[in-house]
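The values are calculated or read from the model by the stated rules, or taken from the named source; none is laboratory data. Small disclaimer: the values here were computed from a predicted structure and weren't measured. For neighbour counting, all protein chains shown are included, and Cβ atoms are generated from backbone atoms with ideal geometry for every residue, glycine included. With ligands, DNA and RNA removed, areas are computed over all heavy atoms of the protein, side chains included. Shrake-Rupley method; radii C 1.70, N 1.55, O 1.52, S 1.80 Å.
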Amino acid sequence: MERYTEYHAGVPVIKDKELLPGAMKRLAVLEDHLEEVMEKMCDEYCQYRASALTQGMLDRICGECEQAKLFEALK
């Protein structure tokens, strides 16, 4: 998969302005499907979800989840 971005002094930038349309298309697809992917990952693939006895436990588990942190970063 081709990267559209690189970092300059820690700031993400488009590598080449000619890649901007492709980068925008990829971003739009991510935005269009992020909620459903996030919900599916949490509801169907989380190994800890079924073991949570209370909503509080589930909230704590989700708060510590690395995938949830990634999804939040993508929002």
Heavy-atom accessible area per residue of the chain, all protein chains kept, 1.4 Å probe, expressed in Å², is 85
If every Lys and Arg gets +1 and every Asp and Glu gets -1 at its Cβ, then about the Cα centre the chain yields a dipole, in debye to the nearest 20, of 180
Once D43 and R3 are pulled to full extension, the length gained, defined as 0.36 nm per residue separation minus their Cα-Cα distance, is 11.4 nm
A 1.4 Å probe over the protein heavy atoms gives the chain a carbon and sulfur accessible-area percentage of 58
Using a 1.4 Å probe on heavy atoms of the protein chains only, the accessible area for H33 in Å², nearest 10, reads 80
If unit charges are put on Cβ atoms (+1 for Lys and Arg, -1 for Asp and Glu) and the dipole of the chain is taken about its Cα centre, the option from Y7, G22, S51 lying farthest towards the positive end turns out to be Y7
